[in-house]
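Each value in this text was obtained by applying a stated rule to the coordinates, not by laboratory testing. This one's a predicted model, so the numbers in the text were calculated from it and none came from an experiment. As a convention, Cβ positions derive from the backbone with ideal geometry for all residues, glycine included, and neighbour counts pool all protein chains shown.
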Amino acid sequence: QVQLVESGGGVVQAGGSLRLSCAASGRTFSTYAMGWFRQAPGKEREFVATISGSGWSTYYADSVKGRFTISRDNVKNTVYLQMNNLKPEDTAGYYCAARSKAVTAKSPVEYNYWGQGTQVTVSS
C-alpha cells in the first residue's frame, strides 16, 4: 500500500510560480509511475503530468506544456510539480497519484493510489 501527501498549494497572482510536492510512503517508490491531476469546481478530474518510475520519461497535458515540470527524487520518495507562469484557469485542486507500474499513464483509471489534494488558486 502507498500513501501520498501533497503540499505546496496556495494563492498566487497570475504569472507567478508554485512548487507542489508529493511525499510517498512505501519501500518501492521507484517502481511506481507518478502523475499529477487537477479538478476545478464543476469539472471532471483532468490529467496534468506524469513521470516514469526511473524519471526518464515525462508527459504533459497540452494546457500546461512549457509551463509545468514534473520531477521526482527516488531517494526522498517525493515527486514534484513546478508550475511557472500560472494562469487563472490553472485554479484547481491538485492531486498526486501512483500506479503499480513504472510506465507512464495519462488516464486516472490507470492509477492505484491517490493523495487528498492541495488547492492552487491563481488570481488575476
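Partner lysines whose Cα lies under 16 Å from the Cα of Lys87, excluding those fewer than 8 positions away in the same chain, are identified as Lys65.
Across region 69-83, computed HN-Hα scalar couplings (Karplus, 6.51 cos²θ - 1.76 cosθ + 1.60, θ = phi - 60°) run 9, 9, 8, 8, 10, 6, 6, 8, 6, 9, 10, 10, 10, 8, 10 Hz from first to last residue, x flagging Gly and Pro.
To the nearest Å, what is the center-to-center distance of region 68-124 and region 9-36, using C-alpha atoms only? Comparing the Cα centres of region 68-124 and region 9-36, I get a distance of 5 Å.
Extension gain, Arg45-Ser7: 0.36 nm per intervening residue step, less the Cα-Cα distance, totals 11.8 nm. Taking only the C-alpha atoms of the chain, Rg followed by Dmax gives 13.3, 42 Å. A Cβ-based charge dipole, computed about the Cα centre of the chain with Lys and Arg at +1 and Asp and Glu at -1, lands at about 220 debye. Expressed per residue, the C-alpha convex hull volume of region 72-124 stands at 109 Å³. Here the calculated FRET efficiency for Trp56 and Val109, from their Cβ-Cβ distance with R0 = 25 Å, stands at 0.60, rounded to the nearest 0.05. In the chain, the sites counted are trypsin sites (Lys or Arg not before Pro) in DSSP loop states with at most 12 other Cβ atoms within 10 Å, and the longest stretch holding none of them, exclusive of the sites, is 77-124.
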